[in-house]
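The values are calculated or read from the model by the stated rules, or taken from the named source; none is laboratory data. In this text the structure is predicted, and so the values were computed from the model without any measurement. Every residue, glycine as well, gets a Cβ built from its backbone with ideal geometry; the counts of neighbours run over all protein chains shown.
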Amino acid sequence: MLSSDTIYVPFGFLTARDLMDALRNFGFLLKDVSRLYSLNFERHATDLNLSVAQCRVLCYLQRNEGISQVQLAFLTDTDPMTLVRILDRMEGDGLIERRPDPVDRRARRLYLQAPAHPVLKEIWRVSDRARAQSFSRMSAQDRAQLLSLMQQMYANLDALMPAAAETMTTAAGRERPRPRAPAKPRAPTHAVAAKA
């Protein structure tokens with residue numbers, strides 16, 4: 001007999017406490033799935049002669065040609081200095097091109113070069129294979145539900161932080177900095193001096 005605090009989930013039964021623990025660990029689970037998904041892609045991508053970071057850069061550029069280096073660093077969650085080295089190598093290989101920003105002399109816009117297109121085709125082929133393995137034990141209905149729920153969560157977070165999504169999706173517009181936490185108020189220095 002199941003107790004009143006037992007909840008049915010598609011893979012069995014959970015107590016309310018188990019469900020709460022699972023929800024508390026959701027962020028860790030999401031990060032772990034992302035990490036394992038990337039490792040699985042990397043395992044398949046050894047023949048590409050590109051790092052995962054280079055693959056990520058090419059894929060984001062394909063979706064956002066004309067993006068600035070600052071925006072690309074934000075999208076790929078890459079340190080700007082590390083990204084500069086990645087872009088230098090890719091530009092040397094003839095995969096990308098940096099062009100001056102017509103509005104901001106300090107900024108550079110990024111574009112794919114013709115040799116990048118067959119490389120991208122291979123990246124997507126490898127990605128398709130890695131994704132198929134990741135979804136291999138899920139029904140088509142479960143896959144569709146997972147994607148739908150992830151899109152719904154994205155929409156929820158986008159509604160809470162619209163500037164973050166705007167930064168991610170704006171290619172040619174002005175850059176929006178990441179929201180910063182408000183600065184902590186400092187203690188007045190004259191108060192310390194008065195006590196001394």
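Cβ-Cβ contacts under 9 Å between residues 6 or more apart (or on different chains), taken from a first residue in the stretch 89-100 that is on the phi > 0 side of the Ramachandran plot to a second residue that is modelled with pLDDT of 95 or more and not polar (S, T, N, Q), are listed as Gly94/Ala114; Gly94/Pro115; Gly94/Ala116.
Matching residues to (1) closer than 15 Å to Ser51 by Cα; (2) touching a strand residue (DSSP E or B) at 6+ places or on another chain (Cβ under 6 Å):
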{"site": "Phe74", "(1), (2)": "no, no"}
{"site": "Met90", "(1), (2)": "yes, yes"}
{"site": "Arg109", "(1), (2)": "no, yes"}
{"site": "Trp124", "(1), (2)": "yes, no"}
{"site": "Ser136", "(1), (2)": "no, no"}
{"site": "Gln141", "(1), (2)": "no, no"}
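Of all residues in the stretch 37-46, those satisfying the criterion of being out of contact with any helix residue (DSSP H, G or I) (no Cβ under 7 Å at 6 or more places or on another chain) and either without any contact (Cβ under 8 Å) to a residue 60 or more places away in the chain or at positive phi (or both) are Leu39, Thr46. Count of the stretch 67-100 residues, restricted to those that are in a loop (DSSP other than H, G, I, E, B) and loosely packed, with under 15 Cβ neighbours inside 10 Å, is 3.
In the stretch 45-66, which residues are outside any helix (DSSP H, G or I) and out of contact with any strand residue (DSSP E or B) (no Cβ under 8 Å at 6 or more places or on another chain)? Matches in the stretch 45-66: Asn49, Leu50, Ser51, Asn64. Candidates are the residues of the stretch 109-161 that are surrounded by 12 or more Cβ atoms within 10 Å (Cβ to Cβ) and acidic (Asp, Glu); the one that is modelled with the highest pLDDT is Glu122. Tyr60 falls short on exactly one of the conditions (1) farther than 23 Å from Met153 by Cα; (2) surrounded by 14 or more Cβ atoms within 10 Å (Cβ to Cβ); (3) within 19 Å of the chain's Cα centre (by Cα), and that condition is (1).
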